[in-house]
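> Quick one: the structure is below, and I'll ask about it shortly.
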Amino acid sequence: MTLFAFAGNSILARMALRDGAIDPVAFTSIRLASGAFVLCLIVLARSGSPYAFLHALGPFKWQPAAALFAYAIAFSLAYVWLDAGAGALLLFSAVQATMIGASILRGDHPGRMQWLGIMAALAGLGWLLAPGSTAPPLAGALLMLVSGVFWGLYSLLGQGETDPVAATARNFILTVPLAALLVLVPSGFEMLTTRGLALAILSGTLTSGLGYVIWYAALRHLTTTIAAIVQLAVPVIAAIGGVALMGEVLTLRLALASALILGGIYLTIRGHKSSNS
């Protein structure tokens, strides 16, 4: 469910931004605010009273909220240039590198087969970024890599959370003041159509707000390495969605890079199971 939500974010962002239905600054602000709104409703309904609501949220932490905000704004800016599949591939390759790097620093060293899977996935990323007529635009690629680093940090910070609903809600709430500052960006809300507004709200409430709750819940049962690797299935889902819903072209480079990454996922998960058997 989480992987389809993540792919949905890429597809919705690309649908909103590629035709100028909404500005990336407005998309980010509305996405975060609508996510905070629906999550607050869920926590309030679960707690039953305003006092219990505040108690249920628990202590506010700025680090995951800042990581979430940085991911979201870089994500929106990058999708002005990138197709859904290529953007997702760049995003989750950076996520993988960030989370596995943190795992290694903690002493959780991958086995031989896992290293082979990691190298295969990184080879796919390198192939995608290599210069050529089908390579993604450099500015968009760099922005998406930055976005992926911050999403990796957000995921790492969420591994210890015991209440994924409350944790996700308070993270989104803390992004609202940061998103409000985006209103001050010149021409940030000049491009705002009904279609763009609807797509931003759908991204914020469904594929972001609720999707991230499920992700925080799943993180409690995944090692850092496996959590990093499984997310690399998202680009394949996003690429299929981009072709089916927006007529994007599935290039040979993207197809082969995706195949390398999926092979890397298989090897890493198989290596993890072998080491635990």
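> Separation between the LEU54 and ARG220 pseudo-spin-labels, each 7 Å from Cα along Cα→Cβ, expressed in nm?
It works out to 2.6 nm between the two label points.
> First check a/c for the chain, with a ≥ b ≥ c the square roots of the eigenvalues of its C-alpha gyration tensor; if it is under 1.5, answer rounded, and if not, answer prolate when a/b is larger than b/c or oblate otherwise.
Note, shape of the chain comes out oblate.
> Could the peptides 153-162, 248-257, 68-77 be put in order, highest first, of the mean number of other beta-carbon atoms found within 10 Å of their residues?
Most protected by this proxy first, the peptides run 68-77, 153-162, 248-257.
> Can I ask one more? Over the chain, what is the relative contact order in percent, taking alpha-carbon pairs closer than 8 angstrom and at least six residues apart?
It rounds to 41 percent for the chain.
> Taking neighbour Cβ counts within 10 Å as the exposure measure, how do PHE6, PHE60 sort from fewest upward?
PHE60, PHE6
> Can you show me the helix-derived [θ] at 222 nm for the chain, built from DSSP H runs with n ≥ 4 at -39,500 (n - 2.57) apiece and divided by the number of residues, rounded to the nearest 500.
Helix-only estimate at 222 nm: -24500 deg cm²/dmol.
FYI, it's all coordinate maths here, none of it is from the lab. Please read all numbers here as calculations on a predicted model, not as lab measurements. Here Cβ is always computed from backbone atoms with ideal geometry, including for glycine, and neighbour counts include all displayed protein chains.
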